[in-house]
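Here is the structure we will look at, set down as C-alpha cells.
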Amino acid sequence: MKKPFYQLAAKNLQGKEVPMNTFEGKTVLVVNTASNCGLTPQFEGLENLYKKYQDKGLVILGFPCNQFANQEPGDEKSIAEGCVLNYGVTFPMFAKVDVNGEQAHPIFKYLKSELKGLLGTSSIKWNFTKFLLDPNGQPVKRFSPTTKPEKIEKYIEKALK
C-alpha cells in the first residue's frame with residue numbers, strides 16, 4: 001500500500017505540481033520556512049546538510065509560510081531570490097502554504113497528525129519546524145523551530161541507513 005505522504009503533492013516556486021512520490025525511497029526533511037525570521041539563518045545549516053547527504057538519499061523540502069508574524073510577505077519570485085541569493089539554497093522550495101488552520105496544506109495536516117508537538121498538540125508553533133520521514137515515507141521525528149539543523153544530523157544519518 002502506498003504511504004499517505006506519497007499520495008500528496010505540492011506546487012513548487014515555479015508553480016509546477018510536484019507529487020511527493022517523486023521522493024520515494026529518499027529520507028525527507030520537510031521544513032516550514034520564512035525569509036524574515038530570526039531563525040532564517042537556519043537555511044545555511046539546512047543547505048549544508050543537503051549538500052552533505054543528498055548523494056546518500058536525503059532531500060529537504062522547504063515550504064514558505066506567512067502565518068507567523070508576517071515573516072514571509074513576499075511572492076514566490078522574491079522568496080526564490082532571497083533563498084538563493086542569501087543562503088545559496090539548492091534544495092527544493094515550494095510555493096507559500098499555510099501550515100495551521102483550515103487552509104493548512106495537506107502535507108502539513110498529515111505530518112501534524114502523525115507527529116504531535118510538545119504537550120501533544122498538533123499545531124505548528126513557529127517557522128522552521130522540521131519533520132523527518134524515512135525512505136518508506138513514514139514520519140519518524142518532529143523537531144522544534146529552535147532545533148538547529150546540525151543537531152538533527154544524527155537522526156538523518158540513522159534514517160539514511
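The values are calculated or read from the model by the stated rules, or taken from the named source; none is laboratory data. Because the structure is predicted, anything quoted here is derived from the model rather than measured. All Cβ positions, glycine included, derive from the backbone under ideal geometry; neighbour counts span all protein chains shown.
Answer yes or no: is there a residue in region 62-76 that is more than 26 Å from Pro4 (Cβ to Cβ), out of contact with any Leu (no Cβ under 6 Å at 6 or more places or on another chain), hydrophobic (A, V, I, L, M, F, W, C) and surrounded by 19 or more Cβ atoms within 10 Å (Cβ to Cβ).
no
Select from region 132-161 the residues that are basic (Lys, Arg) and buried (at least 20 other Cβ atoms within 10 Å of the Cβ) and list them in ascending order.
Residues of region 132-161 basic (Lys, Arg): 141-142, 148, 151, 154, 158, 161.
Within region 132-161, Arg142 is the sole residue that qualifies.
Being touching a Cys at 6+ places or on another chain (Cβ under 8 Å) and β-branched (Val, Ile, Thr) narrows it down to one of Thr27, Thr33, Thr40, Thr22, so name that one.
Thr33
Of everything in region 138-157 that's assigned to a loop (DSSP other than H, G, I, E, B) and not basic (Lys, Arg), which residue is farthest from Glu47 (Cα to Cα)?
Gln138
Give Lys11, Lys16 a once-over and let me know the one that is touching a strand residue (DSSP E or B) at 6+ places or on another chain (Cβ under 6 Å) and at pLDDT 90 or above.
Values: Lys16 fails: touching a strand residue (DSSP E or B) at 6+ places or on another chain (Cβ under 6 Å).
Selected residue: Lys11, the only one of Lys11, Lys16 that is touching a strand residue (DSSP E or B) at 6+ places or on another chain (Cβ under 6 Å) and at pLDDT 90 or above.
When region 3-24 is examined, which residues are found to be assigned to a helix (DSSP H, G or I) and within 16 Å of Pro139 (Cα to Cα)?
Taking region 3-24 and keeping what is assigned to a helix (DSSP H, G or I), we get 4-7, 20-23.
Listed by number, the residues that qualify are Pro4, Phe5, Tyr6, Gln7, Met20, Asn21, Phe23.
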